[in-house]
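Some notes on the structure that comes next.
The values are calculated or read from the model by the stated rules, or taken from the named source; none is laboratory data. Note that the coordinates shown come from a computational prediction; the quantities given were computed from them, not determined experimentally. Neighbour counts are summed over all protein chains in view; Cβ atoms, including those assigned to glycine, are modelled from backbone coordinates with ideal geometry.
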């Protein structure tokens with residue numbers, strides 16, 4: 001097997017093991033260390049149940065960060081497979097990122113309610 005294939009296999013196993021252990025901090029640090037592209041490839045090798053476990057082990061903000069870096073169609077599929085409460089928490093974080101980005105890039109501020 002080539003080095004890249006071994007890397008994805010190792011990443012895939014590590015994602016699964018860290019999620020199974022329920023260690024969100026170590027899982028987050030591992031994903032940061034391999035980068036979004038490698039994390040995405042590793043996620044694709046997991047079963048739907050294992051992907052759900054990875055995404056729900058991460059804090060919603062961290063899961064949102066990861067999901068935002070993958071193609072929209074696949075991101076929608078990942079979110080759709082999650083339990084409703086977990087999906088809602090992640091989507092809420094994604095909405096916060098969108099508002100923060102708009103404020104940063106456009107200089108817009110939220111409208112204060114009266």
Some residue of the stretch 69-76 being part of a helix (DSSP H, G or I), touching a helix residue (DSSP H, G or I) at 6+ places or on another chain (Cβ under 7 Å) and in contact (Cβ under 8 Å) with a residue 24 or more places away in the chain: no
Residues of the stretch 53-69 satisfying the condition of being surrounded by fewer than 18 Cβ atoms within 10 Å (Cβ to Cβ) and closer than 22 Å to residue 20 by Cβ: 59, 61
Restricting the stretch 14-39 to residues that are in contact with a helix residue (DSSP H, G or I) (Cβ under 8 Å, 6 or more places away or on another chain) and under 17 Å from residue 74 (Cα atoms), the residue that is surrounded by the fewest Cβ atoms within 10 Å (Cβ to Cβ): 36
Selection status of residue 49, assigned to a helix (DSSP H, G or I) and within 15 Å of residue 92 (Cβ to Cβ): no
Any hit, the stretch 46-60, residues being modelled with pLDDT under 90 and in contact with a helix residue (DSSP H, G or I) (Cβ under 9 Å, 6 or more places away or on another chain): no
Residue tally, condition out of contact with any helix residue (DSSP H, G or I) (no Cβ under 6 Å at 6 or more places or on another chain) and either within 19 Å of residue 31 (Cα to Cα) or outside any loop (DSSP other than H, G, I, E, B) (or both), over the stretch 79-100: 12
Which numbered condition residue 111 misses (of (1) modelled with pLDDT of 90 or more; (2) not in a helix (DSSP H, G or I)): (1)
Condition check for residue 65: at pLDDT below 95 and under 25 Å from residue 13 (Cα atoms): yes
